[in-house]
Amino acid sequence: MDFTVRKAVKEDTADILRLIKELAEYEKAPQEVKVTLEELENDGFGPNAVYSAFVAEIKGKVVGMALYYVKYSTWKGRCIYLDDIIVNKEYRRFGIGGKLFEEVVKVTKAMGARKIDWQVLDWNEPAIEFYKKYNTVFSNEWVNCTLHEKQLKDIKL
């Protein structure tokens, strides 16, 4: 299948949001998507952009994306956090996810970052198998911690 991967532009944000919502459906958590189109536009393409993305296209239709950003490790220095790779269900198994992942790897190497971090749900066997192809280190040592919007509001400062 012929597809192209390119750097995302502001005009792609509606498609990026569509893909995010598709992933949330797949993960049985559509109610968790709070990000808006305006936020995606500002946060990715505004004057203080905090993320970057690649999109995959087939005949002008966006069918996949990889969203990532720079983070900093006290031990490793500059790193990349890969927030999501999403490919439309009907376009999986054509190498699109791999090409998106490899573009993020290229960015990581070009900026001299020492690692890429990401998370994968423990029940998402297709994703786990996908990442194994890259000799990924899966950690059982670290516990994920999160303060959601409600918990943040509850902290009295």
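Taken over the stretch 36-52, residues that are loosely packed, with under 13 Cβ neighbours inside 10 Å and hydroxyl-bearing (Ser, Thr, Tyr) amount to 1.
Filtering 52, 73 for residues that are among the hydroxyl-bearing types (Ser, Thr, Tyr) and either touching a Phe, Trp or Tyr at 6+ places or on another chain (Cβ under 9 Å) or without any contact (Cβ under 8 Å) to a residue 24 or more places away in the chain (or both) leaves a single hit, 52. Scan the stretch 2-46 for residues that are within 16 Å of residue 64 (Cβ to Cβ), hydrophobic (A, V, I, L, M, F, W, C) and part of a loop (DSSP other than H, G, I, E, B) and the total you get is 3. Filtering 49, 66 for residues that are of a type in the set (A, V, I, L, M), modelled with pLDDT of 95 or more and closer than 15 Å to residue 98 by Cα leaves a single hit, 66. Return the residues of the stretch 16-46 that are modelled with pLDDT of 95 or more and of a type in the set (Phe, Trp, Tyr); say none if nothing qualifies. Correct list: 45 only. Taking the listed residues 123, 142, the one that is modelled with pLDDT under 95 and under 19 Å from residue 27 (Cβ atoms) is 123, with no other qualifying. For the stretch 64-74, does any single residue satisfy the condition of being assigned to a loop (DSSP other than H, G, I, E, B) and either open to solvent by less than 90 Å² (accessible area, probe 1.4 Å) or small (Gly, Ala, Ser) (or both)? Taking every residue of the stretch 64-74 in turn, none turns out to be assigned to a loop (DSSP other than H, G, I, E, B) and either open to solvent by less than 90 Å² (accessible area, probe 1.4 Å) or small (Gly, Ala, Ser) (or both). Taking residue 27 as the residue in question, decide whether it is open to solvent by 50 Å² or more (accessible area, probe 1.4 Å), in contact (Cβ under 8 Å) with a residue 60 or more places away in the chain and of a type outside the set (Ser, Thr, Tyr). Spelling it out, residue 27 is indeed open to solvent by 50 Å² or more (accessible area, probe 1.4 Å), in contact (Cβ under 8 Å) with a residue 60 or more places away in the chain and of a type outside the set (Ser, Thr, Tyr). If you filter the stretch 47-61 down to residues that are out of contact with any Leu (no Cβ under 8 Å at 6 or more places or on another chain) and assigned to a loop (DSSP other than H, G, I, E, B), you find that the one that is farthest from residue 9 (Cα to Cα) is 59.
Cβ-Cβ contacts under 9 Å between residues 6 or more apart (or on different chains), taken from a first residue in the stretch 4-15 that is at negative phi to a second residue that is small (Gly, Ala, Ser) and in a helix (DSSP H, G or I), are listed as 8/44; 10/44; 12/44; 13/44.
Against the test of being touching a Ser or Thr at 6+ places or on another chain (Cβ under 6 Å) and within 25 Å of residue 136 (Cβ to Cβ), the options 96, 80 yield a single qualifying residue, 80.
The values are calculated or read from the model by the stated rules, or taken from the named source; none is laboratory data. None of the values given here were measured: they were computed from a predicted structure. In this analysis, Cβ positions are derived from the backbone assuming ideal geometry, glycine residues included, and neighbour counts consider all displayed protein chains. Surface accessibility is based on the protein's heavy atoms, side chains included, excluding ligands, DNA and RNA. Shrake-Rupley method; radii C 1.70, N 1.55, O 1.52, S 1.80 Å.
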